[in-house]
1. From the phi of every residue in region 100-115, what ³J(HN,Hα) in whole Hz does the Karplus formula 6.51 cos²θ - 1.76 cosθ + 1.60 yield, where θ is phi - 60° and glycine or proline is x?
2. With the Cα gyration tensor of region 161-212 giving a ≥ b ≥ c as the square roots of its eigenvalues, does the rule (a/c under 1.5 for rounded; else a/b larger than b/c for prolate; else oblate) give rounded, prolate or oblate?
3. Would you mind ranking Val92, Val174 by Cβ crowding within 10 Å, fewest neighbours first?
4. By how many nm would the segment from Ser152 to Gln128 lengthen if fully extended, with 0.36 nm per residue of separation less the alpha-carbon distance?
5. Taking θ as phi - 60°, what are the ³J(HN,Hα) couplings along region 126-132 by the Karplus curve (6.51, -1.76, 1.60), each to the nearest whole Hz, with x for Gly and Pro?
6. For region 65-146, which GluC sites (Glu not before Pro) are in a loop by DSSP, counting at most 16 other Cβ atoms within 10 Å?
7. Which shape class, rounded, prolate or oblate, goes with region 64-105 when its Cα gyration tensor gives a ≥ b ≥ c as root eigenvalues, a/c under 1.5 marks rounded, and past that a/b bigger than b/c marks prolate?
8. Output ³J(HN,Hα) for region 52-66: one whole-Hz value per residue in order, computed from phi by the Karplus curve 6.51 cos²θ - 1.76 cosθ + 1.60 with θ = phi - 60°, and x for Gly and Pro.
Amino acid sequence: MIRVLAAFAMLAMAACTPQPPSTPEGVVAKIYETASAAIARGEAPYDYIPLSDSLAAAITEGQRLSNERNEPFIEGDLATGCQDCQTFTDLVINVTSPPANGQASVRATFNTDGRPREMNFAMVETPQGWKVDNITSPEGYDLRASVALYTSEAAPAEGSCAAERGPQPAQLLVDQCIAVSPATRPPCNAQNSCAMMEAEIVRACGLLNQANRPTFCPR
């Protein structure tokens, strides 16, 4: 009897536990449920969106690079395109491409601060359920393309000092080069070779009086 009662208790708990959405449109609806609550609280998170592994990895890399470069990467809410929005209303969700071969497309239309918006979700089916593989809009927004562009621009060029020695040693040479070089700034650039910047540092240091040379200048 104890085992039977325990089984019924477990079934009751399972029935009361919210289950994750099992359809593409259900996942998108849950995203906007969270997004609208975040807007009401004055927040703009994006980590609540269930991302595909590849998109999540791309965003993680972009965030790492932005932290390294001390510059913004993602600003505002990805699902609504909002930054500092106050209201979210009139949500309508439609499946534009029904599930087939593990893929689907969902369109969401809504108003934020009285402005009509549309976001299109490329969805992929995973063992953990449906996840977002990209977000686009008719205005030209493309999340995956934007992330790819940012990471490609942030990546050091082949043959550059940053690629040869790493970002921090390259930046040290840049700072030293700028400190002594009377030339225009192009020689003092981490995208140039380390040898080029070192040669410019030696040349520039040679133009200075001994008393005015920084400690990093050759003696």
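A short reminder: the numbers here are calculations on the coordinates, not readings from a lab. Since this is a predicted model, take the numbers as computed values, not measurements. Here the Cβ positions follow ideal geometry from the backbone for every residue, glycine too, while neighbour counts run over all protein chains shown.
1. Once θ is set to phi - 60°, the couplings for region 100-115 become 7, 6, x, 9, 7, 10, 10, 10, 10, 10, 6, 10, 10, 6, x, 9 Hz.
2. On the way: a/c = 2.35, a/b = 2.01, b/c = 1.17.
Here region 161-212 falls in the prolate category.
3. Working: Val92 9, Val174 20.
By the 10 Å Cβ count, ascending: Val92, Val174.
4. So the chain would gain 5.7 nm between Ser152 and Gln128.
5. 10, x, 8, x, 6, 9, 7
6. Numbers: sites: Glu68, Glu75, Glu118, Glu125, Glu139; in loops: Glu75, Glu139.
The qualifying sites are Glu75, Glu139.
7. Note, shape of region 64-105 comes out oblate.
8. Taking θ as phi minus 60°, the curve returns 4, 4, 5, 5, 4, 5, 5, 5, 4, 5, x, 5, 4, 5, 5 Hz for region 52-66.
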